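The values are calculated or read from the model by the stated rules, or taken from the named source; none is laboratory data. For clarity, every value in this text was computed on a predicted model and none was experimentally measured. Quick reminder, even Gly has a Cβ in these numbers, built from the backbone with ideal geometry, and neighbours come from all protein chains shown.
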């Protein structure tokens, strides 16, 4: 389990076995842990960030987003048990990550939601 301060958490509904999952991240080992709320048993540790996990956001289903002190935003899918995409800040002085992410999702859509992660505004496409 975590060897540092837990900075954020979110909940997901696991429809395959009808249970709630707690997703937690923080300082220490830079991992995100998945815990079954029914049993209280952690059953998965997701690696990828090289800095403290500062924020987590569930946008439905088995998908969630994490923001880290390593200045990356990672998109996770629990069905694949891995990071499915990553966004890093643009290197142009004064630019914001949201420009990169908006290019990634291509266009405005009714499924787009704006969220704030790590001090940046993101437009996230809900799948």
Condition first: at pLDDT below 55, surrounded by 16 or more Cβ atoms within 10 Å (Cβ to Cβ) and either farther than 15 Å from residue 7 by Cα or under 13 Å from the mean Cα position of the chain (by Cα) (or both). Can you find one or more residues in segment 41-57 that meet it? no
Could you look through segment 10-28, keep only residues that are surrounded by 16 or more Cβ atoms within 10 Å (Cβ to Cβ) and more than 18 Å from residue 77 (Cβ to Cβ), and pick out the one that is modelled with the highest pLDDT? 26
Entirely in segment 6-54, the strands (runs of 3 or more DSSP E) that have 2 or more residues that are touching a residue at least 40 places away in the same chain (Cβ under 8 Å) and more than 16 Å from residue 69 (Cα to Cα): 6-14, 19-26
